[in-house]
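First up is the structure itself, then whatever we jot down about it.
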Amino acid sequence: QVQLVESGGGLVQPGGSLRLSCAASGLTFSTYYMAWFRQAPGKEREFVVAVTGSGGMTRYAGAARFAISRDNAKNTVYLQMNSLKPEDTAVYYCAAGRADATETHRYDYWGQGTQVTVSS
């Protein structure tokens, strides 16, 4: 029933910017914590950033190059990525959960992912 659909991925040059979107359906969007994770080939899925249901608090992995935001009227969460580096290349996943967390098992629903490739 619940669906999360990511979009906005693609090929970008190092130093460039990209904005990912995640459209949610089948859930009361404003009651869920939303997060972005990423996974590169041969690596574990890792936390990037999360935001509370109201958008009032965010949790970042550490990099100031990325920012999360949400539009509850549109049931959509965004990931703004700036100053992209080749090591940012990965499949980026949108996730929804009931608690603010950085671990994959704390999230209940996942999108299919969107590929981001940073290369010259």
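The values are calculated or read from the model by the stated rules, or taken from the named source; none is laboratory data. Everything numeric in this text was worked out from a predicted model, so none of it was measured. Glycine gets a Cβ as well: all are built from the backbone with ideal geometry, and neighbour counts include every protein chain shown. Keep in mind that these areas ignore ligands, DNA and RNA; they rest on the heavy atoms of the full protein, side chains included. Shrake-Rupley method; radii C 1.70, N 1.55, O 1.52, S 1.80 Å.
Residues that are of a type in the set (Phe, Trp, Tyr) and open to solvent by 10 Å² or more (accessible area, probe 1.4 Å): does region 29-42 have at least one? Show your work before the answer.
From region 29-42, those of a type in the set (Phe, Trp, Tyr) are 29, 32-33, 36-37; that's our starting set.
Cutting the leftovers down to open to solvent by 10 Å² or more (accessible area, probe 1.4 Å) gives us 32-33.
So far as region 29-42 goes, yes, one or more of its residues are of a type in the set (Phe, Trp, Tyr) and open to solvent by 10 Å² or more (accessible area, probe 1.4 Å).
Across region 25-65, what is the number of residues that are part of a strand (DSSP E or B) and closer than 17 Å to Asp100 by Cβ? Walk me through how you get there before you give the answer.
Taking region 25-65 as the starting set, the residues that turn out to be part of a strand (DSSP E or B) are 25, 33-39, 46-51, 58-60.
Add one more test, that the residue is closer than 17 Å to Asp100 by Cβ, and what stays is 33-37, 46-51, 58-60.
Count: 14.
Of all residues in region 1-37, which are under 19 Å from Arg106 (Cα atoms) and in contact with a helix residue (DSSP H, G or I) (Cβ under 8 Å, 6 or more places away or on another chain)?
Phe37
What are the residues in region 83-106 that are open to solvent by 40 Å² or more (accessible area, probe 1.4 Å) and either small (Gly, Ala, Ser) or not in a loop (DSSP other than H, G, I, E, B) (or both), if any?
Ser83, Pro86, Glu87, Thr104, His105, Arg106 - these are the residues of region 83-106 that are open to solvent by 40 Å² or more (accessible area, probe 1.4 Å) and either small (Gly, Ala, Ser) or not in a loop (DSSP other than H, G, I, E, B) (or both).
Collect the residues in region 8-28 that are out of contact with any Phe, Trp or Tyr (no Cβ under 8 Å at 6 or more places or on another chain), open to solvent by 60 Å² or more (accessible area, probe 1.4 Å) and closer than 19 Å to Arg65 by Cα, keeping them in residue-number order.
Those that are out of contact with any Phe, Trp or Tyr (no Cβ under 8 Å at 6 or more places or on another chain), open to solvent by 60 Å² or more (accessible area, probe 1.4 Å) and closer than 19 Å to Arg65 by Cα: Leu11, Gln13, Pro14, Ser17.
Could you please find all residues in region 55-82 being among the small types (Gly, Ala, Ser), exposed (fewer than 14 other Cβ atoms within 10 Å of the Cβ) and more than 19 Å from Arg45 (Cα to Cα)?
Gly56, Ala64, Ala73
Taking region 44-62, which residues are at negative phi and over 14 Å from the mean Cα position of the chain (by Cα)? Walk me through how you get there before you give the answer.
Taking region 44-62 and keeping what is at negative phi, we get 44-54, 56-61.
Of everything in region 44-62, those that are at negative phi and over 14 Å from the mean Cα position of the chain (by Cα) turn out to be Glu44, Gly53, Ser54, Gly56, Met57.
Between a residue in region 68-95 that is touching a residue at least 24 places away in the same chain (Cβ under 8 Å) and any residue that is open to solvent by less than 60 Å² (accessible area, probe 1.4 Å) and acidic (Asp, Glu), which pairs come within a Cβ distance under 6 Å, given they are 6 or more apart or on different chains?
If the second residue must be open to solvent by less than 60 Å² (accessible area, probe 1.4 Å) and acidic (Asp, Glu), the pairs left are Cys94/Glu6.
Any residue at all in region 24-31 that is touching a strand residue (DSSP E or B) at 6+ places or on another chain (Cβ under 8 Å) and without any contact (Cβ under 8 Å) to a residue 40 or more places away in the chain?
yes
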